[in-house]
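Here's the structure we're looking at; comments come further down.
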Amino acid sequence: MPRRAFTLIEVVVIIAIIATTTVVLLYGLELMLPSAQKASPFEVLRKAVDTAWYRAATGHGQIALSYDPEKHLLRVTPPSGAGATSGVKSIAAQSEDGTDDRPASRRDSGDTNPNDAPIEASADAQEFPFNDPRVTDVRFVRSLNVNSSFMAPETPFEQLLFSAAGGVTPAVIEMDVAGETHRYALDIFGGGLEDITK
């Protein structure tokens, strides 16, 4: 009895079925692997805040969270200026020409804001890059109580400080994503991020 061979059409159909099955399996496998998924901007922010809380609590010291616009990432590190000790000049107090605009009485007193200390990468820094090009900026601002009779503009910080005692700089984190500003209130004792975007 003679053996019948496959026709060209049958061979092409079988190759197409194998190729389609392979593509579907590889795509499904990529979706199941967490390392292959890009984290959303909020997830990157959440991980950085959680890491800062954890390092402050377990290291029994201050930890700073800052944003590096050149590298497009959040950085968790011990605070710059050795915990913002006296002698660190406040960036907020500098004018455009680099001179100190504070009154002489405050200039010599070592009165500085630790949240405005210059940010420097250190060997024990942890970095959380935004792999989403739609994220264009991250800012830390201190919002005033709306019930307060004293109304002043929001104060920007270069970094947020997390303490071992379980507190953090009272702030709102603003993140610009695709032309929209998302605002997150940071719970100063629990580390929660509440979306207050309006």
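Quick notes on this one:
- Extension gain, Tyr54 to Leu8, is 10.2 nm, computed as 0.36 nm per intervening residue step minus the present C-alpha separation.
- Highest-first packing order for the peptide set 125-137, 62-74 is 62-74, 125-137, based on the mean count of other beta carbon atoms within 10 Å.
- Put a dot 7 Å past the Cα of Lys71, heading toward its Cβ, do the same for Leu26, and the two dots end up 3.3 nm apart.
- By average C-beta atoms within 10 angstrom, highest first, the peptides 158-167, 189-198: 158-167, 189-198
No value in this document is a laboratory result; all are computed from the given coordinates. From a predicted model like this one, the values you see are computed outputs, not experimental measurements. Note that each Cβ is placed from the backbone with ideal geometry, even for glycine, and that neighbours are counted across all protein chains shown.
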